[in-house]
Amino acid sequence: MTQTDPAPTPDETPHLPHAHAVTWGVAALPHRGPKRELTTERIVEAAIEIADTDGLDAVSMGRVAAAVGVAPMSLYRYVTGKDDLLLLMYDAASEVTVPGTGSTWRERLREWAMFVRATYDAHPWLADLPPSSTPTTPNRLAIIEAGLAALEGVPAPDRMKLPTLLLLLGYIALYSRASSNAGVDEAVRQALPQLVTDERFPLLAPAVREGVFEARETDAERGFGFGLSRLFDGIERWLERTEEDRPFERLPTAVLQDKQVRETARAVEKARAELRQAESKAADALLKSVERLRAEEAKAEAAAAKAAAKADLRAAKAEAKARK
């Protein structure tokens with residue numbers, strides 16, 4: 001929660017919720033407290049230490065109070081409640097300085113993504129907090145500012161750069177959460193090769209048997225880099241395009257429970273399964289046909305070779321007899 005700009009004067013101070021006012025440096029300090037050395041910063045640091053060690057669910061006002069050595073009620077002079085505390089934690093843990101050393105937008109944006117990813121590695125619980133399309137705290141806005149600096153000079157309107165950065169931020173947070181096995185029961189993960197059958201998951205099952213869900217740190221990093229590069233490829237392709245994007249139409253949520261849609265989806269799934277079975281039978285028939293024809297060709301070639309050998313033998317005998 002660093003402040004690089006002077007706080008607004010009293011006449012300029014906007015009315016903000018308490019936690020936001022703290023992050024922007026415009027909150028009034030508590031007038032009294034049981035321990036003057038207690039500060040909002042110390043409370044937030046203690047909460048972050050708890051979350052880093054035991055996860056976000058372990059953070060409670062009681063546990064944070066115990067960590068800083070005060071009664072739980074004393075915390076409410078500094079934060080109004082847990083939601084307040086979570087927002088302060090979110091902003092404090094998001095503090096990052098991106099050097100910006102790349103010479104191209106891809107290099108700069110990759111560096112930006114690496115530094116943002118590092119904050120999620122340092123504080124995995126960040127991915128458990130819901131993102132917002134409108135960052136409202138200084139450190140989260142500073143991340144956007146650094147991303148815009150990485151995209152500076154890119155021939156794209158500013159109104160399109162922000163959605164691009166939000167897309168990348170969403171990818172980083174989602175991948176950080178999706179690549180973690182912290183909440184996965186090890187017994188269930190080990191049983192997946194038996195549970196994911198060819199009949200139910202014909203495309204996924206072979207990959208599961210090959211160990212696609214085995215925990216490998218190197219594969220996770222390779223996967224993150226692959227996905228990030230593909231997103232960059234998409235951005236690069238978009239910059240080259242001249243046609244407008246098709247408007248995106250959101251579906252009514254009720255469509256998920258619509259009986260006719262569900263029935264047709266099941267029919268399509270059944271048809272695909274039947275098609276895969278038919279393709280498998282066709283492949284087997286083709287293989288057997290090829291094997292049969294090759295066997296017949298080999299048999300014919302062997303017979304022809306045998307007949308040629310007999311003909312050569314007869315010719316040799318005839319020639320020998322003629323010489324006598």
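The values are calculated or read from the model by the stated rules, or taken from the named source; none is laboratory data. Please read all numbers here as calculations on a predicted model, not as lab measurements. Reconstructed Cβ throughout: ideal geometry from the backbone, glycine too, with neighbour counts over all protein chains shown. When the accessible area is computed, the model is the full protein with side chains, heavy atoms only, and any ligands, DNA or RNA have been set aside. Shrake-Rupley method; radii C 1.70, N 1.55, O 1.52, S 1.80 Å.
Do the conditions hold for R222, that is, is it of a type outside the set (A, V, I, L, M) and at pLDDT below 90?
Yes, satisfied.
Could you list, ordered by first residue, the pairs with Cβ atoms under 9 Å in which the first is in region 137-151 and farther than 18 Å from H20 by Cβ and the second is open to solvent by 10 Å² or more (accessible area, probe 1.4 Å) and of a type in the set (S, T, N, Q), at least 6 apart or interchain?
These pairs meet every condition: A146/T97; G147/T164; L151/T164.
If you check A150, A187, A191, which single one turns out to be under 22 Å from A113 (Cβ atoms) and of a type in the set (G, A, S)?
A150
How about region 107-156: which of its residues are open to solvent by 50 Å² or more (accessible area, probe 1.4 Å) and among the β-branched types (V, I, T)?
The answer is T134, T136.
For R276, state whether it is farther than 30 Å from S176 by Cα, basic (K, R), open to solvent by less than 100 Å² (accessible area, probe 1.4 Å) and in a helix (DSSP H, G or I).
Against the criterion (farther than 30 Å from S176 by Cα, basic (K, R), open to solvent by less than 100 Å² (accessible area, probe 1.4 Å) and in a helix (DSSP H, G or I)), R276 qualifies.
Filter region 50-69 down to residues that are of a type in the set (V, I, T) and surrounded by 14 or more Cβ atoms within 10 Å (Cβ to Cβ) and give me whichever is nearest to A93 (Cα to Cα).
Let us first name the residues in region 50-69 that are of a type in the set (V, I, T), namely 50, 53, 59, 64, 68.
Still in the running and surrounded by 14 or more Cβ atoms within 10 Å (Cβ to Cβ): 50, 59, 64, 68.
Details: I50: 13, V59: 15, V64: 16, V68: 18 Å.
Applying the filter and picking the extreme gives I50.
Could you count how many residues in region 236-273 are closer than 30 Å to A156 by Cα and either outside any helix (DSSP H, G or I) or in contact with a strand residue (DSSP E or B) (Cβ under 8 Å, 6 or more places away or on another chain) (or both)?
11
Could you please tell me which pairs satisfy a Cβ distance under 7 Å, a separation of 6+ or placement on different chains, a first residue in region 188-200 that is over 18 Å from A273 (Cα atoms), and a second residue that is at pLDDT 85 or above and outside any loop (DSSP other than H, G, I, E, B)?
Between residues of region 188-200 that are over 18 Å from A273 (Cα atoms) and residues that are at pLDDT 85 or above and outside any loop (DSSP other than H, G, I, E, B), the close pairs are L192/V208; P193/V208; P193/R209.
Okay, residues lined up against (1) within 28 Å of the chain's Cα centre (by Cα); (2) crowded, with 19+ Cβ neighbours inside 10 Å; (3) modelled with pLDDT of 75 or more; (4) assigned to a loop (DSSP other than H, G, I, E, B):
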site: E41; (1), (2), (3), (4): no, no, yes, no
site: S74; (1), (2), (3), (4): no, no, yes, no
site: D83; (1), (2), (3), (4): yes, no, yes, no
site: M89; (1), (2), (3), (4): yes, yes, yes, no
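For the structure I just gave you, tell me whether R294 is at pLDDT 90 or above, open to solvent by 100 Å² or more (accessible area, probe 1.4 Å) and out of contact with any Asp or Glu (no Cβ under 8 Å at 6 or more places or on another chain).
Yes, satisfied.
Looking only at region 238-259, decide whether some residue is touching a residue at least 60 places away in the same chain (Cβ under 8 Å) and over 28 Å from the mean Cα position of the chain (by Cα).
There is no residue in region 238-259 that is touching a residue at least 60 places away in the same chain (Cβ under 8 Å) and over 28 Å from the mean Cα position of the chain (by Cα).
How many residues, within region 297-312, are open to solvent by 80 Å² or more (accessible area, probe 1.4 Å) and of a type in the set (A, V, I, L, M)?
0
Looking at region 280-291, which of the residues that are more than 21 Å from E199 (Cα to Cα) and open to solvent by 100 Å² or more (accessible area, probe 1.4 Å) is nearest to the chain's Cα centre (by Cα)? Please lay out each step first, then the result.
To start, the set of residues in region 280-291 that are more than 21 Å from E199 (Cα to Cα) comprises 286-291.
Going one step further and asking which of them are open to solvent by 100 Å² or more (accessible area, probe 1.4 Å), we end up with 286, 288, 291.
Details: L286: 41, K288: 43, E291: 45 Å.
Taking the candidates together, the pick is L286.
Has region 18-25 got at least one residue that is open to solvent by less than 80 Å² (accessible area, probe 1.4 Å), within 29 Å of the chain's Cα centre (by Cα) and at pLDDT 95 or above?
no
Within region 177-194, take every residue that is surrounded by 12 or more Cβ atoms within 10 Å (Cβ to Cβ) and touching a Pro at 6+ places or on another chain (Cβ under 9 Å) and give me the one that is modelled with the highest pLDDT.
R177
Looking at (1) within 22 Å of the chain's Cα centre (by Cα); (2) exposed (fewer than 14 other Cβ atoms within 10 Å of the Cβ), which is the only condition E199 fails?
In the conditions (1) within 22 Å of the chain's Cα centre (by Cα); (2) exposed (fewer than 14 other Cβ atoms within 10 Å of the Cβ), E199 misses (1) alone.
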